[in-house]
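Colleague: Mind looking over this structure? Questions follow.
The values are calculated or read from the model by the stated rules, or taken from the named source; none is laboratory data. Please read these numbers as outputs of a predicted model, since none were measured by experiment. Heads up, the Cβs are rebuilt from the backbone with ideal geometry, glycines too, and the neighbour counts pull from every protein chain shown. For accessibility, only protein heavy atoms count, side chains too; no ligands or nucleic acids. Shrake-Rupley method; radii C 1.70, N 1.55, O 1.52, S 1.80 Å.
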Amino acid sequence: MKINDLISKLDTKRFGFKVAKVNHFDKKSEKLLIALKKQGVKLILSKVNAEDITLINTLEELGFCIKDIQVTYKYDLTDYTPKNISFDSDFMIRDAGKSDIPKLKKVALESFKNYGHYFEDKKLDPIKCAGIYSDWIERSCKDKNIADKIIVAEHKGDIAGFLSFKIYNDNTYKYAAGGLGSVAEKYRNKDIFRMIMVAGLNWGKEMKLHWEEHNVIITNFPVNRSMSKLGFKVYKSFVTMHHWIKKK
Ligand SMILES: CC(C)(COP(=O)(O)OP(=O)(O)OC[C@H]1O[C@@H](n2cnc3c(N)ncnc32)[C@H](O)[C@@H]1OP(=O)(O)O)[C@@H](O)C(=O)NCCC(=O)NCCS
């Protein structure tokens, strides 16, 4: 992997300085840091398998800090029978279209205030961090490389909630991973997210996917609860670490 391929164009543009994403380290992590520093990188973002405590400790010694801990929930669709979506009749489940972008962005903006590893890094501009999720859902509506499907729950013309999916196919298995999902504040705790996830599982079965999976921050109790209640099972976990490269 070339050093240049590690630079995140999106984050570099957003924050106005070079940001790299490094998720695989060999034994020469120190050499990699020197090479990234030479390229003018200021911040490194890394997602590391939570089981690899040796690597996490090495990165800590190099100055990396943990900014979130996530688990990945999986739902095996091989024996799944599509479920009914039991909803108040005022609600409707449908796919998102481009005309939904302004409303989706508004829900994302209010839902992800102070959420996630970017916000946990107090050296990052919180106003720029706030734009990450609303930009993400906009790009998800416009670009199939980011999302193949976005399910929304609509309530009398209002977007109550949404969840995006990206399909992956490695020749043996075909599965979908959740991208971004949230429910607008005034619609929370009414089972809306669970109904959207059921609609997602039903779609996954139709698409002949082997499974669906979602990453969840371990302290996000409402989502963890919804996943467990639906029968999703945790099968891997990772930590997100940030490292600011010192000038000297
Ligand atoms: C997480 C989120 C999508 C849940 O949406 P929702 O429609 O309210 O979810 P549901 O109603 O289906 O289920 C929520 C469950 O969490 C429970 N819950 C709510 N707050 C809780 C808390 N602080 N601790 C534990 N459980 C909690 C609810 O009681 C409910 O469980 P129950 O029906 O068994 O009682 C919504 O809160 C949200 O958008 N949060 C901000 C963005 C976000 O976290 N997105 C997900 C990223 S992976």
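Colleague: So which strands (runs of 3 or more DSSP E) stay within the range 51-166 end to end and still have 3 or more residues that are among the hydrophobic types (A, V, I, L, M, F, W, C) and within 19 Å of GLY204 (Cα to Cα)? Full working, then the answer.
Modeller: Working: elements: 65-76, 91-95, 149-155.
Ranges flagged: 149-155.
Colleague: Additional query: Scan the range 220-233 residue by residue and report those that are hydrophobic (A, V, I, L, M, F, W, C) and surrounded by 15 or more Cβ atoms within 10 Å (Cβ to Cβ).
Modeller: Taking the range 220-233 and keeping what is hydrophobic (A, V, I, L, M, F, W, C), we get 221, 223, 227, 230, 232.
Hits for the range 220-233 are VAL223, MET227, LEU230, PHE232.
Colleague: Tell me which residues, restricted to the range 131-162, are small (Gly, Ala, Ser) and within 13 Å of the ligand (Cβ to nearest atom).
Modeller: Restricting attention to the range 131-162, the residues satisfying the condition of being small (Gly, Ala, Ser) are 131, 134, 140, 147, 153, 157, 160-161.
The answer is SER134, ALA153, ALA160, GLY161.
Colleague: Taking the range 188-209 on its own, how many of its residues are outside any helix (DSSP H, G or I) and more than 10 Å from the ligand (Cβ to nearest atom)? Explain how you work it out, then say what you get.
Modeller: Within the range 188-209, the subset outside any helix (DSSP H, G or I) is 188-191, 207-209.
Filter once more, keeping what is more than 10 Å from the ligand (Cβ to nearest atom): 207-209.
The qualifying residues number 3.
Colleague: Take the residues in the range 69-80 that are in contact (Cβ under 8 Å) with a residue 40 or more places away in the chain and surrounded by fewer than 17 Cβ atoms within 10 Å (Cβ to Cβ), then tell me which one is nearest to PHE221 (Cα to Cα). Please lay out each step first, then the result.
Modeller: In the first step, residues of the range 69-80 are kept if they are in contact (Cβ under 8 Å) with a residue 40 or more places away in the chain; the result is 69-78, 80.
Narrowing the set further to residues that are surrounded by fewer than 17 Cβ atoms within 10 Å (Cβ to Cβ) leaves 69, 76, 78, 80.
Numbers: ILE69: 13, ASP76: 22, THR78: 28, TYR80: 25 Å.
Looking at the filtered set, the residue picked out is ILE69.
Colleague: Follow-up. Output the residues belonging to the range 166-187 that are within 13 Å of the ligand (Cβ to nearest atom) and either free of Cβ contacts under 8 Å to residues at least 12 places away in the same chain or touching a strand residue (DSSP E or B) at 6+ places or on another chain (Cβ under 9 Å) (or both). Show your work before the answer.
Modeller: First, pick out the residues of the range 166-187 that are within 13 Å of the ligand (Cβ to nearest atom): 177-187.
Passing the criteria: ALA177, GLY178, GLY179, LEU180, GLY181, SER182, VAL183, ALA184, LYS186, TYR187.
Colleague: Restricting to the range 133-165, what's the tally of residues that are within 16 Å of the chain's Cα centre (by Cα), within 27 Å of LYS208 (Cβ to Cβ) and open to solvent by less than 40 Å² (accessible area, probe 1.4 Å)?
Modeller: Matching residues across the range 133-165 total 12.
Colleague: Mind listing whichever residues of the range 120-129 are under 26 Å from TYR187 (Cα atoms) and buried (at least 18 other Cβ atoms within 10 Å of the Cβ)?
Modeller: Across the range 120-129, the qualifying residue is only CYS129.
Colleague: Ok, one more. Which one is nearest to ASN215 (Cα to Cα), of the residues in the range 89-117 that are of a type in the set (D, E, K, R), open to solvent by 90 Å² or more (accessible area, probe 1.4 Å) and more than 12 Å from the ligand (Cβ to nearest atom)? It would help to see each step written out before you state the result.
Modeller: From the range 89-117, those of a type in the set (D, E, K, R) are 90, 94-95, 98, 100, 103, 105-106, 110, 113; that's our starting set.
Now drop any that are not open to solvent by 90 Å² or more (accessible area, probe 1.4 Å), which leaves 98, 103, 106, 113.
Among the residues that remain, those that are also more than 12 Å from the ligand (Cβ to nearest atom) are: 98, 103, 106.
Values: LYS98: 25, LYS103: 24, LYS106: 22 Å.
Among residues in the range 89-117 that are of a type in the set (D, E, K, R), open to solvent by 90 Å² or more (accessible area, probe 1.4 Å) and more than 12 Å from the ligand (Cβ to nearest atom), the one nearest to ASN215 (Cα to Cα) is LYS106.
Colleague: Which count do you get for residues in the range 212-248 that are within 15 Å of the ligand (Cβ to nearest atom) and not in a loop (DSSP other than H, G, I, E, B)? It would help to see each step written out before you state the result.
Modeller: Step one: of the range 212-248, the residues within 15 Å of the ligand (Cβ to nearest atom) are 212-232, 234, 237-238, 240.
Filter again for not in a loop (DSSP other than H, G, I, E, B), leaving 212-217, 221-230, 234, 237-238, 240.
Within the range 212-248, residues that are within 15 Å of the ligand (Cβ to nearest atom) and not in a loop (DSSP other than H, G, I, E, B) number 20.
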